[in-house]
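Worksheet: the structure to be examined is printed underneath.
The values are calculated or read from the model by the stated rules, or taken from the named source; none is laboratory data. Please read these numbers as outputs of a predicted model, since none were measured by experiment. We place every Cβ from the backbone using ideal geometry, glycine too, and count neighbours over all the protein chains shown.
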Amino acid sequence: MSKIEWTDKTWNPWWGCDKIAPECGLPAPGNPRPEGGGCYAAIFASRGLHSLHWGVAARGEWTGLITRAGPAIWQAPFKYPRGTLCFTCSMSDFWHERVPPEWQDEALDVIEATPWVTYQVLTKRPAMATRRLAALNRHLPRNVWAGATVGHPKSLGLLKPLRRIEAAKRFLSVEPLLAPMVPGLDLTAIDWVIGGGESPLAPATRRGPVTPTGCERYAISASPTTRRSSSSNGASGRTTRRRSTRNLPRSQGWGDP
């Protein structure tokens, strides 16, 4: 089981990424920490715990290298129990522009062959998802949730390409939350929201009306040990919430095999 509380498993057919957004650590105007957020995957990868992926990151920074996992990782989803939520590419970006299209095609084959698993594909490159799917002449399998990281107003532009992705569900990770997102965060056609912050921010708060999708508009600041997620069935507008105050830094569990 993953230590990331909004999923059950993580699946990483490849590792490696680049900084492209405030949530990755780029400068973020309006953020109490002007240097931006922080990439916990890069920090985890820098520890060198997986020899197959040595060199993808150093001193908490990505190097630009992208490495493919071994056969055991590629076959792992076939052993997951029915109903598993699987955060896909927690150590990379599924739609990274330098990931070979044939790897993505092969990963989509695995996803299609395991319909009892729900794959949470979170990206900072939703426009690339549409382009790659067109190039591969295929659609997202029905057991994929398409997500985007939107934790700073500079990332609000990702909402439009995310909505263009044909997916069973669309979700947002408003984590790390770096600056106020309300007004501005439009949750139209968004089914699921993850909210969380990083130190030093105030305890988590939630307020606002339920939108037609059943999600809630968030004005959140959160401590690093408090996580909230909101999910909706979309039809009835009924919303369920989870909260955990486990003392786990977010880097723990990020690279679960």
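Looking for whichever is farther than 14 Å from TRP11 by Cβ, at pLDDT 95 or above and not in a loop (DSSP other than H, G, I, E, B) here; the options are GLU97, GLU102, GLU106. Which one fits? Before the answer, list the steps.
Details: GLU97 fails: not in a loop (DSSP other than H, G, I, E, B); GLU106 fails: farther than 14 Å from TRP11 by Cβ.
Just a single option satisfies the conditions, and that option is GLU102.
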Could you tell me which of the residues ALA167, ALA134 is within 25 Å of GLU102 (Cβ to Cβ), in a helix (DSSP H, G or I) and modelled with pLDDT of 95 or more? ALA134
Output the number of the condition that LEU85 fails; it satisfies all remaining conditions of (1) of a type in the set (A, V, I, L, M, F, W, C); (2) more than 25 Å from TYR40 (Cα to Cα); (3) within 18 Å of the chain's Cα centre (by Cα). (2)
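Sort through LEU140, LEU162, LEU177, LEU172 and tell me the only one that's closer than 19 Å to TRP11 by Cβ and touching a Leu at 6+ places or on another chain (Cβ under 9 Å).
Details: LEU162 fails: closer than 19 Å to TRP11 by Cβ; LEU177 fails: closer than 19 Å to TRP11 by Cβ; LEU172 fails: closer than 19 Å to TRP11 by Cβ.
Within the list LEU140, LEU162, LEU177, LEU172, the selection yields LEU140.
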Could you tell me whether any residue of the stretch 83-92 is at pLDDT 95 or above and aliphatic (A, V, I, L, M)? yes
Read through the list (1) surrounded by fewer than 21 Cβ atoms within 10 Å (Cβ to Cβ); (2) touching a Lys or Arg at 6+ places or on another chain (Cβ under 6 Å); (3) in contact (Cβ under 8 Å) with a residue 40 or more places away in the chain, then give the number of the only condition that TRP14 fails. (1)
Hits in the stretch 1-29 - residues which are aromatic (Phe, Trp, Tyr) and either under 22 Å from GLY70 (Cβ atoms) or not in a loop (DSSP other than H, G, I, E, B) (or both): TRP11, TRP14, TRP15
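Could you count how many residues in the stretch 83-131 are charged (D, E, K, R) and either in contact with a Gly (Cβ under 9 Å, 6 or more places away or on another chain) or closer than 17 Å to VAL150 by Cβ (or both)? Spell out how you get there, then give the answer.
Taking the stretch 83-131 and keeping what is charged (D, E, K, R), we get 93, 97-98, 102, 105-106, 109, 112, 124-125, 131.
Now restrict to residues that are either in contact with a Gly (Cβ under 9 Å, 6 or more places away or on another chain) or closer than 17 Å to VAL150 by Cβ (or both): 93, 98, 124-125.
Residues meeting the conditions: 4.
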Tally up the residues in the stretch 48-64 that are within 20 Å of the chain's Cα centre (by Cα), surrounded by 15 or more Cβ atoms within 10 Å (Cβ to Cβ) and assigned to a loop (DSSP other than H, G, I, E, B), please. 2
Has the stretch 15-26 got at least one residue that is in contact with a Leu (Cβ under 7 Å, 6 or more places away or on another chain) and modelled with pLDDT under 90? no
